[in-house]
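Encoded as structure tokens, the structure appears first; notes follow it.
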Amino acid sequence: AQTVTQSQPEMSVQEAETVTLSCTYDTSESDYYLFWYKQPPSRQMILVIRQEAYKQQNATENRFSVNFQKAAKSFSLKISDSQLGDAAMYFCAYRSVEYGNKLVFGAGTILRVKS
Amino acid sequence: NAGVTQTPKFQVLKTGQSMTLQCAQDMNHEYMSWYRQDPGMGLRLIHYSVGAGITDQGEVPNGYNVSRSTTEDFPLRLLSAAPSQTSVYFCASSYTGRGSDEQFFGPGTRLTVL
């Protein structure tokens, strides 16, 4: 079974600076999908960014980008120009192609933004 | 569109009681799922459905039942609540549940079992 590991329980960043959240996963598959979700204090889960494993180009969405290292099975999230509204729990998630109906989540990283 | 709605938002049960968490979506999504969120464990899949009349187990199905009689609704039943089922429950839906398909989440239900 696939597993997703987020090794940083908590991170802090100064407003306007850049922070990187780590995610590693364990799989024997060659094709799969990766996601980052944000959960602010409101508890609402929001998709931040997604990456297809067959695409070598790293996904970007405005201030959010990923560093996808397939060989290392690493999928980190970079947040540039951090804003107070970025403070949230961030979850990394994996979806198999073969077992595509199941989304596997990591334990999450709490991001605190200091003003 | 209301998106994914869940009721109730909060619930307190006594051990042994039963209840149903409601979930509905108005986006005509085929795929619906239930997760529980516990501290330090992320979200874990309980049950999912790929269409009306079709359900399957996820990672932590014990103690929970589901059914899918319509495309819109996917209720989660706790048959005999236990303190270990104290958690935050999320319902989610997507078009197919596969590939890069985005899952849309409801606002969650915080359940406490005494």
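The values are calculated or read from the model by the stated rules, or taken from the named source; none is laboratory data. Every value quoted in this text rests on a predicted model; they were computed, and no experiment measured them. Because the Cβ atoms are built from the backbone with ideal geometry, glycine has one as well, and the counts that use them run over all protein chains shown.
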Within the range A:1-35, the residues that are closer than 20 Å to A:Arg63 by Cβ and charged (D, E, K, R) are A:Glu15, A:Glu17
Of all the residues that make up the range A:89-113, how many are under 18 Å from A:Thr5 (Cα atoms) and assigned to a strand (DSSP E or B)? 14
From the list A:Gln83, A:Gln39, A:Gln44, A:Gln51, exactly one residue is away from chain B (no Cβ under 11 Å) and among the polar types (S, T, N, Q). Which is it? A:Gln83
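Here is a yes/no grid of residues against (1) surrounded by fewer than 18 Cβ atoms within 10 Å (Cβ to Cβ); (2) of a type outside the set (D, E, K, R); (3) within 14 Å of another protein chain (Cβ to nearest Cβ):
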| site | (1), (2), (3) |
| --- | --- |
| B:Asn28 | yes, yes, no |
| B:Tyr31 | no, yes, yes |
| B:Leu43 | no, yes, yes |
| B:His47 | no, yes, yes |
| B:Asp73 | yes, no, no |
| B:Tyr95 | yes, yes, yes |
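Residues are listed down the side, and each one gets a yes or a no for (1) hydrophobic (A, V, I, L, M, F, W, C); (2) surrounded by fewer than 17 Cβ atoms within 10 Å (Cβ to Cβ):
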{"residue": "A:Thr24", "(1), (2)": "no, no"}
{"residue": "A:Glu29", "(1), (2)": "no, yes"}
{"residue": "A:Leu47", "(1), (2)": "yes, yes"}
{"residue": "A:Thr60", "(1), (2)": "no, yes"}
{"residue": "A:Val113", "(1), (2)": "yes, no"}
Among the candidates A:Ser42, A:Ser82, A:Ser22, A:Ser74, which residue alone is more than 25 Å from B:Thr96 (Cα to Cα) and modelled with pLDDT under 95? A:Ser42
Conditions: (1) in contact (Cβ under 8 Å) with a residue 12 or more places away in the chain; (2) under 24 Å from A:Leu47 (Cβ atoms). B:Ser69 meets all but one. Number of the miss? (2)
Filter result for the condition that a residue is within 14 Å of the chain's Cα centre (by Cα) and of a type in the set (S, T, N, Q), over A:Asn67, A:Asn101: A:Asn67
Pairs, please: C-beta under 6 Å, at least 6 apart or cross-chain, first residue under 21 Å from A:Tyr32 (Cβ atoms) and at the interface with another protein chain (Cβ under 10 Å from one of its Cβ atoms) and in the range A:104-115, second in a strand (DSSP E or B) and modelled with pLDDT under 95? A:Phe105/B:Gly42; A:Gly106/B:Gly42; A:Ala107/B:Gly42; A:Gly108/B:Gly42
Going through the range B:69-106 one residue at a time, which ones are outside any strand (DSSP E or B) and under 11 Å from the mean Cα position of the chain (by Cα)? B:Phe74, B:Pro75, B:Gly106
